[in-house]
Each structure stands twice: as C-alpha cells, then as structure tokens.
Amino acid sequence: MTRRERRAERLVLACFGVTLLTGLGLLGVYAMGGDTQLQGILLAVCLGGLGAGIVVWAQELMSNEEREEERHPMGTGPEGSAAVAEALTDEAGFSRRRMLQGGLLAAVGGRAAALAIPVLSLGPAPGRSLFETPWKKGSRLVGFDNQPVHADAIPQDGVLTVFPEGYPGSADGQTLLIHAGTDRLQLQGDAATWAPGGFVAYSKVCTHAGCPVGLYRAAQGQLICPCHQSTFDVMRGAVPVFGPAARPLPQLPIQLETDGTFTALGDFGEPVGPSFWDMELDR
Amino acid sequence: MRLRRHREPPRVDALGRPLNAPARELREAEARGDVATARAALDEEPTELERIAGWLDERTGLASLVRTTLRKVFPDHWSFLLGELALFCFLILLATGTFLTFFFVPSAGDTTYQGPYAPLQGATVSQAYDSVLHLSFEVKAGLLMRQVHHWTAVVFVAVIIAHLARVFFTGAFRRPRELNWLLGFGLLVFGIAEGFTGYSLPDDLLSGTGARIAYSAVISVPFLGPYLASLAFGGEFPTAAFLPRFFVLHVLLLPALFAGTIAAHVGLVFLQKHTQLKVGRAREDNVVGRHFWPGQAFVSGGLFFLTAAVLALLGGLVQINPVWAYGPFQPAVVSSPAQPDWYVGWLDGALRIFPPFEPVILGITIPSVFIPGVVVPGILFTIVGVWPFIERRVTGDRAPHHLLDWPWEAPFRAATGSAILALFAVLTLAGGNDVLAAFLQLPVEGLTWIFRILVIALPVVVWLVVYALCRSRQGRPAPGEQPRGGVALVRNRAGGWEEADR
C-alpha cells in the first residue's frame, strides 16, 4: 500500500466517522426536542461525510483505468423487423379478415367512448355560472363580517372590499367600494347615476387573469392588480390604462339608502373576471 | 474481495497423491465453459457470495446480464452526471414527500386554527392549511422535511433543464436517441406539473392566487375553456374539489407517470449505451470510460449523498415558502408582490408583458390570457419537444451519431437553443417586474416596456451573436486536441534548436 493510498484510506475512515458521530448527534437533537437549523446542519454533515467518503474511496482506492467497450448497431436489420411483423400477423390472419378487424376497432372505439363518458361527472356544465354573481336587486353591501357598510365609514379616497349580504368572502361577488368624490368622477350615462355621493363600486376580480385587484393609487385614481399590473382608471369607468387587461372592471349599480348603507340595483351588467369565448355571444 | 478460496490443507488419497485433477483436465473444462468440472478439478468450493449469486441465477437466469451490467462502460465526464442529479432529486422528493403525506390533510373544509403560531390563532383556515402549519410547527423535523422537499423540487427542475441543455447543445438527441429526447421532454413537463400541483397544496394565499390564474388560463381556451375548467376544478373557482384533486395528481398519478417514464428513459440509455465526447480514444463504434462497478457506481452513490447533503443544508437553514406568513387562501384577498416558484415565473412573465389584446371575431372572444398563457407556451414547448425532428429537417442529417458535437460545431442548433434560453430568461425576469421595479427604483410601466422590447430583441441578438461565435470557433482545435500544422521548436542535445513535426 502506497503512502497516498494510506492517506486516502484514513480520509475515507474519517468521513465515515463524521457520519456516524453526526448521525448520533441527530438522534440526540431529536430527543431533546428538535431544532430545524441544527438538524439541517447535522443532516447535511452526516450525508456529506458518507458521500465524500464514498467518492474519495472510488477516486483514490479503486481502479481508475480507462476501459473500452464495443458499440454495435442498434437494429437487427430488415430480417428482424420482417420476422416481428410475421409473428404479429401470420397466425392471427389479419390480412384475410378485414371485416373482423374493422369490427374489432369499432367495438373497442365504442367501449372507449362508454368508458370516457364518466369523465363528465368530474364537474357540472358551466351553464350560466360565469355570467352571474350573487348580486341581486336590493342586495345590501356588506363587509367581510357580513355587516352593512356605512358611507361615513369610508373617508375620501378610501376603498373597502364589499360583498352582497349573505355572501361575505364571495369569489365572484367581491367588489371594491371606492369613495372617489363627485368632482373627480367622469362617468357617462347610466354609470354616472350608479355612483351616489361620489361612491363607485367595481368588481374586484381582474378582467385579465382573475386576481383580486388589490392596490389603489388614490392620487392617480388608479386600481392596480398586483399579479400582472393591469391598471384601471377609476374615474373613467375603470377602463384599462396599462398592463395586459383589455376589459374595464364591470361597475356595480348601487344606490345610497337614507340610513347611510348601500344596496345594489342588480347584478353586474356583464361577466366579471377573466374573459371566455362566448361571453359576447350569450350576453 | 477474493471470490475463491482454497481448502487448506489439500485433500490427498491413500498414497499421499493430491486429489486435484491434472492441469490439462482443468484447462479443457475451462475452455468448454464447464465451471462445475473446472471447480472440481481445482478442488475449490464456491464462496458465500457465489452461493447467493448461484441461488438467484438458478431462479432468474440473470447472471450473465448482471455481469455485463457491472462491466458496462460509462463515459467519465461531469456533464454526464446532470441526469443522475435529477434522478437523485426525484428519489429525495419521493422520500421526503412520503413523510409529508402522513401529515397533510387534502381538504378545503373549514377549521379554526388553534396551534402555536400566534398571529393566526382563531383564524378560519382550511384543514389543508391547518395541517401544513401543524407539520411545520408541531411535528418534530416536520419543517425540515417540508423545506427539504420544497428546495429539492426547485433544484429538481433546474437540474432537469441543465441536463436537457447538455443533451441539446451536444446533439446527443440525434438518431438513434430521438425517442429518449421525447421521454426526457415528458419528464420536464411532469416536473413542472408536479411542482405546480405540490406548491398549490398548502392552500395559502400565494398558491391560491396561482391556482386562480391557472384556472383563468384554462377558461381562456376558445370553445372548450369553460367546460375544461369546470371538469378540472369541479365547478367555478374556487371549489372544494380542487385540493383533493391536485393532491391525487401530485402524490399518485404524476409520480407513477414519472417512475414509469424514468424507467424507460434510463432503460433506453442502458440499451443504446452512452454518447461520448470526442476526446481520447472515443470513436463512433466504442464507448470509453469507467466500469459501472465499482468505479461509476461508487461515484454516483457518493454523489447521491452529497446532493442530499446540500439539500438538507438548504432545507435546514434557508427558509422557503413560509405559508404562515402568506396567510390562508381567501378569494377576495391578495398579496403584493406575488411571485410563483421560479420554473413557473416565465409563464407569469408572459402574462405580465403581453399587450392588452382581446379581439372578438364573429362574436367569439379570444381572451387576453389565451395567447401568452396557452398559445405561446404551447408553441415554445412544442419546438423544444420535437427539436430532433426539426433539426433533422433543417440539416438533412439522418445518420446515427454516438460521438457528441462540440456546441460550436452546429451553429444553427447552438444559436437557436441559446435564443430560446434567452427568451425564457427574459420572461422569467419579467415575472418579477414589480420586484425589479422596486429594486431599481423604476416605474413598473417603463420596466414592462423594456421587457416587451427585450423579449423580441434579445433572442434575435443572442441568435446572431452565438451563430457568429460558433462560426468563428470552427476550424480551431477542439479541447484536448493538438493544434494541427505549424512548426514546433525542440531543444536538441547540443543545446541548439531543431524543427520538429507535430
């Protein structure tokens, strides 16, 4: 044994020793209640010792001789494939029984269709679900706690996430009630009448990919989606002014009641959230 | 280890002559391959190892196959270990993932959090989220296992891509290995799908938002979208069905597909033998390297433990996916900034920088998510998946290849591969445009415009530059090759200089 080999052998033994000790250490740490960082370090040293020992053993103490092996072409040639084709078809007599072949294919196809149909049980047909939200005429605007929202609770430039009463947290009913102020709003037609006292309500579901439009830059009057930065102009009907969204956030028609709470005049006039192919067809 | 041992002392007959058969008889028996007679002639008895091997061989007949396998030659170059690293990550994912399944509850049902994490005490959370918090804070070594699992997943996809790049740029996918390229490509897709489904399971705010975006991408497919989305998620998002479904995909269907495809992938490498770099004695009709046993097997085994060690260190010391900080998923709540795991970042980046384009054609809406979220990734991945066939069409090269190209030897391939990598890099960075904007103190709008330009310009520039570099590199000697031509001066015995041929 050469000196180099003796040194390598000692090194390998030392590595394995480290593994043994840290392994025991791991048990100790575990027994004493565990600690993520300490266990991580011990586990790493434990595994690392084993790995390093094995690699040093392979590199220093085993033959590193370069070996050579012949490589033969993969295929067995035309005879081989002909023999396979013959074995597959000869006894079965496929070429003579075209009718039966067709019949078998038809039967298998029918069976496959019958087996595939239960896939439809995985989910209901979408129906009108993408066109509708829980908002109805007369729905009161409530917060996450299902308590009615009061106009005087929202200061100028304030924003509140609201839901139809009875549906707090609703995914497609989530709406932003914004105190934009009458002087800044530039809404046209019906939309202008749906903003009583400078309060305007838009769907909170981004018309791009459906994230909640959670950021409001009050100074610019812009709503921004944190997912993909679609930006909507609150003062002009939430039309998109930057980013990938192409549709405005639908506006919820609301009215201010005498007690300071809000009610909806009906559902959104168009589908909320991301677009889908027949949203214009079936409107 | 010695496989044979002689009995001591040798047996003798009554006249003291050794019972050993004459040497000639032994030679003849060995020439016939008659091990039993040869052994009797040598008066040896089988060792314990031989006895076990014999017992198994009699029942399987695999002895010669095992011997061939042990003597298989593996090329000795570090870049050939990338695929092994991916395999090791898969094994570590299986081990840590199995531990996690013992604690994870795949249910969207509501419960009230009552664990030790004070900020969430009393909050209504899903049972899935509750079980992840329990695993992280109350199960001993639970957080370590979870973090090692997540880190391994993150590294896994990176190593798969590095392996894919090695195979791509050296042309290892050429005939007869097109099939194995397709299998490997499938593994990349499964890897991303495994990552995304697994990352969605804790039902935290960040991953819930990601699932919401995935639902929007499915819904955007013309004609089929709303139906596909409803079938996949069990109704309109969010549904109670989606967590258990993602769970089944993540721990059952995808791992089964993975295991089967890995077996086929590695099996094909075994049958076809490795490709090799053009160095030393390597030729088209041989394989040069180390024997599988013991050299290669020991190096691989050691590498496995070293990989596990690095991942254990990451999992122990570097926090990843702290779902308690994100909070439970609520459809009407969102966090900012919001970034997915890195291998999905390019998809998110494509969604971020695509212009607001949503045409209505004959009453049919093409949603703004459809092109960047479905069409572009579909085209990019198809190009990568069928690359061997594209290149064959372009170059007309249908010959089998076992010797690898140096990357610069195929400028079209190298340029196209680099351009695709550049495209993915730009998209991935664009997926963090809000974070970058904050870091660089730039308006996010301006940065998004920079990305919109870069995503077109950078791949084109990279293509041209890499193509030109490859062309200029051609003709120069390859690594390890002596420069051809020219004159070398050699010192002669008289102390003068002489010209020598190279």
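Just so it is clear, none of the values below were taken in a lab; they were calculated from the coordinates. Every value quoted in this text rests on a predicted model; they were computed, and no experiment measured them. Heads up, the Cβs are rebuilt from the backbone with ideal geometry, glycines too, and the neighbour counts pull from every protein chain shown.
An oblate overall shape is assigned to chain A, the ratio a/c of its alpha-carbon gyration tensor axes (a ≥ b ≥ c) being 1.5 or greater and a/b not exceeding b/c.
Here's the list of aspartates and glutamates a cross-link from residue A:137 could span, going by alpha-carbon distance under 19 Å and ignoring same-chain residues fewer than 8 apart: A:165, A:172, A:190, A:257, A:259, A:267, A:270. Answer rounded, prolate or oblate for region A:1-114, using the Cα gyration tensor with square roots of eigenvalues a ≥ b ≥ c: rounded when a/c is under 1.5, else prolate when a/b is larger than b/c, else oblate. Here region A:1-114 falls in the oblate category. The distance linking region A:1-19 with region A:56-76 is 25 Å (Cα centroid to Cα centroid, whole angstrom).
With each label modelled as a point 7 angstrom along the Cα→C-beta vector, the residue B:445-residue B:457 pair spans 2.0 nm. Cβ-Cβ distance of residue A:79 and residue B:193, R₀ of 45 Å, FRET efficiency by 1/(1 + (r/R0)^6): the value works out to about 0.60. Remark: spin-label model distance residue B:241-residue A:72 equals 5.4 nm, labels positioned 7 Å along the Cα→Cβ axis. Straight distance only, please: which lysines reach the Cα of residue A:136 with their own Cα at less than 30 Å, same-chain residues fewer than 8 apart left out? Residue A:136 reaches A:204.
Averaged over the residues of B:294-306, the number of partner chain Cβ atoms lying within 10 Å of the residue Cβ comes to 6.
Distance between the 7 Å Cα→Cβ label points at residue A:122 and residue A:104: 3.0 nm. Among the cysteines of the protein assembly as shown, those with no neighbouring cysteine Cβ under 4.7 Å are A:15, A:46, B:89, B:470. Counting 0.36 nm for each residue step from residue B:110 to residue B:137 and taking away their Cα separation leaves a gain of 7.8 nm.
Between residue A:175 and A:162, A:204, the built amide H atoms are under 5 Å apart, and every one of these is 5 or more places off in sequence or on another chain. By the helix-only formula, in which each DSSP H run with n ≥ 4 contributes -39500 (n - 2.57) and the sum is divided by residues, the protein assembly as shown has a 222 nm mean residue ellipticity of -15500 deg cm²/dmol.
Protection proxy ranking of A:207-217, A:108-118, by the mean of other Cβ atoms within 10 Å over each peptide's residues and highest first, is A:207-217, A:108-118.
Computed from the C-beta positions of residue A:256 and residue B:412, the FRET efficiency with R₀ = 60 Å rounds to 0.35. The lysines whose alpha-carbon is closer than 23 Å to the alpha-carbon of residue B:273, local same-chain residues fewer than 8 away aside, are B:72.
Note on A:202-214: average number of Cβ atoms from other chains within 10 Å of each residue's Cβ is 6. Between residue A:186 and residue B:381, the FRET efficiency estimated from the beta carbon spacing at R0 = 60 angstrom works out to 0.85. Note on residue B:228 and residue B:117: the extension gain reaches 36.1 nm, defined as 0.36 nm multiplied by sequence separation minus the Cα-Cα distance. Here the contact order of chain B, divided by its residue count and restricted to Cα pairs under 8 Å and six or more residues apart, works out to 17 percent.
To the nearest ten degrees, helix A:36-61 and the longest principal axis of the Cα atoms of chain A are 30 degrees apart. The Cβ shell under 12 Å around residue A:72 holds other residues with a net charge of -2, Lys and Arg each +1, Asp and Glu each -1.
Comparing Cα centroids, region B:311-389 and region B:154-215 end up 14 angstrom apart.
Between the helical axis of A:3-31 and the longest alpha-carbon principal axis of chain A there is an angle of about 40 degrees. Just to confirm the number: angle between the C-alpha axis of helix B:297-317 and the first principal axis of chain B, 0 to 90 degrees, nearest 10? Once rounded, one gets 30 degrees.
Classify region A:200-283 as rounded, prolate or oblate, taking a ≥ b ≥ c as the square roots of the eigenvalues of its Cα gyration tensor: rounded when a/c is under 1.5, otherwise prolate if a/b is larger than b/c and oblate if not. Oblate shape, in that a/c is at least 1.5 and b/c is the bigger or equal ratio.
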